Structure formats: structure tokens, C-alpha cells
Amino acid sequence: MQPYNRKFKLRSQKMRKNATEQENRLWYMFLRKHPINFTRQKPLGNYIVDFYCPSKKLVIEIDGSQHFTEKKIDYDRLRTAYLESTGLRVLRFTNTEISTSFYSVCRAIQVALGVYDD
């Protein structure tokens, strides 16, 4: 696992202050007070992940429409492969999933955490 990367500290703080509606919804309505600790906009290696649960080695990414170009799909694939190579699991959800299927997203996260069996 790559250590915390201090060179991304200011950028990650700015990203927290300018979070998307969907990131804020997931954070404030579910992850912030979850019994299993999460952080948001966490620098890991050369990346900043949306949400990170260190005890379960779980990364949660929320993808907006900008993630669906060919170039960004390739970038996200490499980024995910890197994170997985460090022993992390990566869950990806779209903004649409957060907006329209919020409880299903929360359930999928609970399953990944081992809180519920699917």
C-alpha cells in the first residue's frame, strides 16, 4: 500500500470543499457516521481517492459524466489496477446511481465491508 502522499494535501482539501452533490450525499447521509471509519479525498500514492476505509482496504469512487470518455475510461482502468495492485479493493458508482439508487449503493458498500451477506 502506498503511503499518504503529502504533495496532494492542499489539492485534496480543496476537493473536499468543492465536493459534488453526490459525493456530499454519500458522505453526509452514510459514510461520515458509519461505524467503520472512512475518510474522503484521501491521497494514496499518486492519486486522490474519493472515499477510503483503511481498516477494510476499500476505496469508493464516484464517477460523474466526465469519466465516460474513452481517455478517462482508460485512465480510470489504470488507476484502479494500480490501487488493486497495492491490496486495495475499489468500488465504483456513478453519480446517477447515487442520485437514483442511493440505498442500493449503500447496501453494496455494506456487503463489501462484510456487514451484510449478499
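Readers should treat all values here as calculations from the given coordinates under stated rules, not as data from a laboratory. Bear in mind the structure is a predicted one, so any value in this text is a computation, not a measurement. For neighbour counting, all protein chains shown are included, and Cβ atoms are generated from backbone atoms with ideal geometry for every residue, glycine included.
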Fill in the blank from the handout: Considering segment 60-92, residues that are outside any helix (DSSP H, G or I), among the hydrophobic types (A, V, I, L, M, F, W, C) and without any contact (Cβ under 8 Å) to a residue 60 or more places away in the chain, and then whichever is farthest from Leu31 (Cα to Cα), we arrive at Val90
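Conditions tested, residue by residue: (1) in contact with a Cys (Cβ under 8 Å, 6 or more places away or on another chain); (2) on the phi > 0 side of the Ramachandran plot; (3) acidic (Asp, Glu).
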position	(1), (2), (3)
Arg40	no, no, no
Pro43	no, no, no
Asp50	no, no, yes
Asp74	no, no, yes
Glu84	no, no, yes
Leu113	yes, no, no
Handout entry: Residue match in segment 97-114 (condition: part of a strand (DSSP E or B) and among the polar types (S, T, N, Q))
Key = no
Handout entry: Subset of segment 57-72 (residues that are more than 22 Å from Lys17 (Cβ to Cβ), of a type in the set (A, V, I, L, M, F, W, C) and in contact with a helix residue (DSSP H, G or I) (Cβ under 7 Å, 6 or more places away or on another chain))
Key = Leu58
Exercise for the section: Working carefully through the options Pro43, Pro54, find the one that is free of Cβ contacts under 8 Å to residues at least 60 places away in the same chain and either over 24 Å from Val111 (Cβ atoms) or touching a helix residue (DSSP H, G or I) at 6+ places or on another chain (Cβ under 7 Å) (or both). Expected result: Pro43
Exercise for the section: Check whether at least one residue in segment 17-28 is of a type in the set (Ser, Thr, Tyr), in a strand (DSSP E or B) and free of Cβ contacts under 8 Å to residues at least 60 places away in the same chain, and report yes or no. Expected result: no
Practice task
Taking the residues in segment 93-118 that are polar (S, T, N, Q) and touching a residue at least 60 places away in the same chain (Cβ under 8 Å) as candidates, determine which candidate is surrounded by the most Cβ atoms within 10 Å (Cβ to Cβ).
Solution key: Asn95
